[in-house]
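The values are calculated or read from the model by the stated rules, or taken from the named source; none is laboratory data. Fair warning: this is a prediction, and the values are worked out from it, not measured in the lab. So basically every Cβ, Gly included, is an ideal-geometry build from the backbone, and we count neighbours across all protein chains shown. Side chains are part of the model used for accessible areas, which takes the heavy atoms of the whole protein and leaves out ligands, DNA and RNA. Shrake-Rupley method; radii C 1.70, N 1.55, O 1.52, S 1.80 Å.
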Amino acid sequence: MKAKMILHREFTVGQSDRRLFGSFIEHLGRAVYNGIYEPGHPEADDMGFRKDVIKLVRELNVPIVRYPGGNFVSGYNWEDGIGPAGKRPVRQELAWMSLEPNTIGVNEFAEWAKRANTELMYAVNLGSRGPDAARNIVEYCNFPKGSYWSDLRRSHGVENPHNIKLWCLGNEMDGPWQICGHTAGEYGRIAAEAAKVMKWSDPSIELVVCGSSNARMPTFASWEAEVLEHTWEHADYLSLHIYFGNPENDTPNFLGRSLEMDAFIKSVAGICDYIKAKKHSKKQVYLSFDEWNVWYHSLGQDRKIEKWTVAPPLVEDIYTMEDALVVGCMLITLLKNADRVKVACLAQLVNVIAPIMTEHSSSGKAGKAWRQTIFYPFMHASAFGRGTVLNGKVNSEKYDSKEYCDVPYLETVTVHNEEKGEVAIFAVNRNLKEAMDLEVDLYDLGGLKLIEHLCLNNADLKAANSAAEEKVKPAALSGARLENSGGKIRLEARLPPASWNVIRLGKA
Ligand code: AHR
């Protein structure tokens, strides 16, 4: 199979915001306890954080981590997680039917974030709580000193404010599964009042307003419009969430799902534009895709898990080669929409639908930390996807699947890092049987040379990694050719069937 692309320096979508490569840690399952935090493990540091997990998070180069939920946050009293460890309450956690010991709270997590070279994106509880608790945590975290909450923080040994810049006004507030969910009108009013007092406490913060939990919600679109009507003045971003699965084992259809993500982004951007026009506003509300991933492998297993325990092994999907391809297509989709999507969080980061897993430690044996298949496309996009996004003119054959029409066999986007003089072409070959001979003509990008062609593929689409073995990991392919002739550069590369590829070019 053949595919062609024309790329020009002027085919710009926009700058990829560094926060596009964010992730998410919720007090859920073994994400925190037995994930990032495991005192007693040989890899634990002075605070009980696992150094081997931190090393893998640093490998992913994650600029922000959304915390502490997720569904968890809608029943969370943030004050339970501050102050002397021995005095913190153990609570029934109603979102996931677990016990929450509150050993880790905002101060410990902020310290973990520093060690992992990332920043916090903090979600406040607008389910069981409201504007008062929200403005208090802003004061606790961001006010330097001389007020009740800031001095309480200092008395807890944290002299300098955390200066958290990005805050989510609740989580999935339209969902009937949410602890104290709301109608759009109720949420819009509460979010607007919370936003007002949070920004009065610290005018430098940015706020994410909840959009629908997903595009299939019955209230989708009208929810966004009504919430934005109420919050327009205070909102900087509107959230989107999406999870994909392949329970019917229909891989061509599964690989087409990123088209649905693209349509979702375009619809929500359209709603923002509609409210902007309606309000005769000059302001732009951007999008925060703060939960996205593949999620379905663990759904059956989760129904069998015992309730009311600390850190049960919930939502532990083990990812396959085909999941990595879908994640790759989703990363490409986020980049293609970089003009509107400024924040995105792969949900989640450790153990819970995560690129990083930790093995259970048992009877004297210390568990290992390991990389899932989806670790690699994310790592590549985070490492090489920063710069100006270019959307090439693509000529690729297409197919129809059960739910999607005109799915291009080639899914691709390019990022031009002007500072480094590098170009990265990200490409998924969705053809399960045939290799793709890709021909790219590049214009006005200066003299270039081939750095490398990285490829993730495995003939077995159900191949997965484990603590014992990495069956799916990237390799460098030889065979790509680059020819400079006059103002034009011609690149030729062969993309194996069902593969994720990064073709990196640098200054000649
Ligand atoms: O990421 C897992 C869960 O998915 C989150 O808690 C919730 O926001 C979403 O439904």
### Summary
Bridge orientation stat for the chain from DSSP, antiparallel percent rounded to 5, came to 60 percent
### Message
Between the stretch 454-498 and the stretch 395-411, what is the separation of their alpha carbon centroids in Å?
### Response
21 Å
### Query
Can you list the lysines whose alpha carbon sits under 23 Å from that of LYS196, skipping same-chain ones fewer than 8 residues off?
LYS145, LYS165, LYS276, LYS278, LYS279, LYS282, LYS283, LYS342
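How much of the accessible area of the stretch 42-158, probe 1.4 Å, is carbon plus sulfur, in whole percent?
After summing per-atom areas, the C and S share lands at 51 percent.
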### Helix 106-115 axis, angle to the chain major axis (alpha carbon atoms, nearest 10°)
30 degrees
### Task
Kindly report the accessible area of the chain per residue (heavy atoms of protein chains, probe 1.4 Å, no ligands, DNA or RNA), in Å².
39 Å²
### Query
Out of the stretch 148-242, which GluC sites (Glu not before Pro) are coil in DSSP terms and have no more than 11 other C-beta atoms within 10 Å?
GLU159
#### Entry: Helical mean residue ellipticity (222 nm; -39500 (n - 2.57) per DSSP H run of 4+; nearest 500) of the chain
-7500 deg cm²/dmol
## Note on the structure
the stretch 143-187: Kirkwood hydrodynamic radius (Cα pairs, Å) comes out at 13.2 Å
### Query
How much net charge surrounds HIS41 when only the other residues with a Cβ under 11 Å from the Cβ of HIS41 are counted, with Lys and Arg +1 and Asp and Glu -1?
-1
### Query
Any idea what the dipole of the stretch 317-473 comes to, in debye rounded to 20, about its Cα centre with Lys/Arg Cβ at +1 and Asp/Glu Cβ at -1?
540 debye
### Message
Give me the percent of accessible area attributable to carbon and sulfur for the stretch 363-508, probe 1.4 angstrom.
### Response
46 percent
### Message
Under a crude label model (7 Å from the Cα following the beta-carbon direction), how far is ASP339 from LYS433 in nanometres?
### Response
3.9 nm
### Query
Using r as the Cβ-Cβ distance of GLU159 and HIS360, and R0 as 45 Å, what FRET efficiency do you calculate, to the nearest 0.05?
0.75
### Summary
Whole-percent carbon and sulfur contribution to the accessible surface of the stretch 315-362 (1.4 Å, no ligands, DNA or RNA) stands at 50 percent
#### Entry: Cα-centred dipole magnitude for the chain, charges only on beta-carbon of K, R (+1) and D, E (-1), debye, nearest 20
760 debye
### Query
Between the stretch 187-254 and the stretch 57-125, how many Å separate their Cα centres?
21 Å
### Net charge over other residues, Cβ less than 10 angstrom from the Cβ of HIS27 (K, R count +1; D, E count -1)
-3
### Query
Under a point-charge model restricted to the Cβ atoms of Lys and Arg (+1) and Asp and Glu (-1), what is the dipole moment magnitude of the stretch 45-86 relative to its Cα centre, in debye to the nearest 20?
220 debye
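Which trypsin sites (Lys or Arg not before Pro) in the stretch 221-288 sit in a loop by DSSP (not H, G, I, E or B) and have at most 15 other Cβ atoms within 10 Å of their own Cβ?
LYS279, LYS282, LYS283
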